[in-house]
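Step one of this worksheet: look at the structure below.
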Amino acid sequence: MDPEDHQSPSDFRQVLILRPPPVFAVHEQYFSNKFQILKAYDSPLPTHDFLRSYAQSVRVVLCSGVRPITAEVIRDLPALKLVVSSATGVNHIDMAECRLRGITVTNVADVFSDDVADAAVGLYIDVMRKITASDRFVRGGQWPVTGEYPLGSKIGGKRIGIVGLGNIGSRVATRLKAMGCVVSYTSRHKKHSTPFIFYPNVLQLALNSDALIICCALTNDTRHMVNNTVIKALGKTGVIVNVARGAIINEVELVNCLVEGEIGGVGLDVFENEPNVPTQMLELDNVVLLPHRTAFTRESFHDAAQILLSNLEAFFTNKPLLTPVANQF
C-alpha cells in the first residue's frame, strides 16, 4: 500500500506490521477482514520513511520477535498507543520506551505454554535416548555395517532443574514428575504453592541436578546466566534444554564445553543470533536442534490469532484489553 493511499474511512482501524508474525502469516485473512493492515515489509520505501508517512494515524502495531519494536520505531510513531505481540515474551519490545510514552503492550498469555512444555520434554528425551542421532545412524546406512550403537540413558529418577517455574516451567515440571523425575527449580521467588525443591540461584540448582531445562524470560539479570561455571557444575553427563531465549546461555562457552566433553548433551530450540547456529554444534550427535519452533502447532496458532484479534477489537471499541502486560521494565 502506498502512503498516498492511506487516507480512508477505516484509518481509525489501522494496524501496522513491520514484518509478518508467523501467526499473522498463517491467519492473515482473519485480520484483513477486520482491519486495515499497513504492511511495511511490502513497501518499496525504507522502513523509516514508511513509518513517517503514517506517523500521525497509526495507533497500533502488531509484532513478534522476528522484528523488534525498538525505541527508534516507537519514536517514529508519535500516535502509537498499543503494541500487540504475537509472542508470550516481550524482550523484542523496548518496554522502557513504551512505559515512558504511555504505550500499552499485550501478548498471547500462556496460549503456547503446553506446546512448548511438550517440546521441552521431547528435546530432553531425544538427547537422553539419542533418538535423532539414532535416526541419522539408520538413515546413513551404518546399522548393517557397525551393528552396535551407544546406550542411551533412563529418564525416570533423574534430577531435573527447572530454570523459571512460570507458565511453561510448571508444565514441564508436572510432565517430568509424572515420568518419575525428581524436580527442583530456581525462580525469582520461591513458589510456596509447589512441592518442588527450591534453589536460590542457577548455580546451586546445577550442582544438584542431572539436567537443566531453561524456561525463564530473557532480562538483563538472566542474560548469559548459564555460563561456563554453571555448565561445569552440572557435570560431564549433564544435559541442558533451552526453550526460552538463546541469550540466557553464553553460547560461546556452551560450544566450548560441548567440544571439550564437559557436558553430556543439549537440546536447543533457541540461539543467541538466530537464525545462525554455531557450526560446531552441527557436527555433534549429542546436540538436538530445532529452528525456534516449539510453540508452532496448528491449534496454538489458531488460539493465538483469536487472542490477537480480541485485543485489537477491544482497543478499537474502547473495551478492556484481554491480555495486557504489566510494564515493570
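Tabulated values for the structure
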read-out: Residue order for E148, E97, E272, E72 - accessible surface, 1.4 angstrom probe, largest first; value: E148, E72, E272, E97
read-out: The chain: calculated mean residue ellipticity at 222 nm from DSSP helix runs of at least 4, using -39500 (n - 2.57); value: -9500 deg cm²/dmol
read-out: Nonlocal Lys pairs with alpha-carbon distance under 29 Å, segment 1-160 (8 or more apart, or different chains); value: 4
read-out: Accessible surface of D110 - all protein chains present, 1.4 Å probe, nearest 10 Å²; value: 60
read-out: Neighbourhood charge, 14 Å Cβ-Cβ cut-off, centred on G166 and excluding it, Lys, Arg +1 and Asp, Glu -1; value: +3
read-out: ³J(HN,Hα), Karplus 6.51/-1.76/1.60, whole Hz, each residue of segment 115-131, x for Gly, Pro; value: 5, 5, 5, 4, 5, 4, 5, x, 4, 4, 4, 4, 5, 5, 9, 6, 5
read-out: Antiparallel DSSP beta bridges within the chain, as percent of all bridges there, nearest 5; value: 5
read-out: Spatially proximal aspartates and glutamates relative to K232 (Cα-Cα < 18 Å; intrachain offsets below 8 disregarded); value: D210, E251, E253, E260, E262
read-out: Calculated from backbone phi, Karplus (6.51, -1.76, 1.60) coupling profile of segment 241-246 in Hz, x at Gly/Pro; value: 10, 10, 10, 9, 9, x
read-out: Mean accessible surface per residue for the chain, computed with a 1.4 Å probe while every protein chain stays in place, in Å²; value: 49
read-out: Heavy atoms of T146 accessible to a 1.4 Å probe, total area in Å² rounded to 10; value: 80
read-out: Accessible area in the full protein assembly, largest first, 1.4 Å probe, for F296, F112, F12, F198; value: F12, F296, F198, F112
read-out: Accessible-area composition of the chain, carbon plus sulfur, in percent [1.4 Å probe]; value: 51
read-out: Rounded Å value of the spacing that divides the Cα centres of segment 309-329 and segment 149-175; value: 34
read-out: Read-out Rg and Dmax of the Cα atoms in Å, derived from the coordinates shown; its label in (1) 22.3, 91; (2) 22.1, 71; (3) 20.2, 67; value: (2)
read-out: ³J(HN,Hα), Karplus 6.51/-1.76/1.60, whole Hz, each residue of segment 182-187, x for Gly, Pro; value: 9, 9, 9, 7, 10, 7
read-out: Top positive-direction residue, dipole computed over segment 17-71 with Cβ charges, set F50, P68, S32; value: P68
read-out: Overall form of segment 250-289 per C-alpha gyration tensor (a/c, 1.5; a/b vs b/c); value: prolate
read-out: Built amide H within the under 5 Å cut-off of V182, gap 5+; value: G157, K158, R159, I160
read-out: Computed FRET value (nearest 0.05) for R129 with R101, which takes r as the C-beta separation and R₀ as 41 Å; value: 0.25
read-out: Unit charges on C-beta of K, R, D, E only; dipole of segment 59-181, Debye; value: 280
read-out: Those lysines that a straight Cα-Cα span of less than 20 Å connects to K190, excepting residues fewer than 8 apart in one chain; value: K177
read-out: Separation of alpha-carbon centers, segment 47-88 and segment 106-134, rounded to whole Å; value: 31
read-out: Placed amide H near I93: partners under 5 Å, 5+ positions off or other chain; value: I69
read-out: Debye log10 I(q)/I(0) for segment 82-207, one point scatterer per Cα, at q = 0.14, 0.18, 0.20 Å⁻¹; value: -0.80, -1.02, -1.11
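The values are calculated or read from the model by the stated rules, or taken from the named source; none is laboratory data. Note that the coordinates shown come from a computational prediction; the quantities given were computed from them, not determined experimentally. Please note: Cβ atoms are built from the backbone with ideal geometry, for glycine as well, and neighbour counts cover all protein chains shown. Side chains included, ligands, DNA and RNA excluded: accessible areas come from the protein's heavy atoms. Shrake-Rupley method; radii C 1.70, N 1.55, O 1.52, S 1.80 Å.
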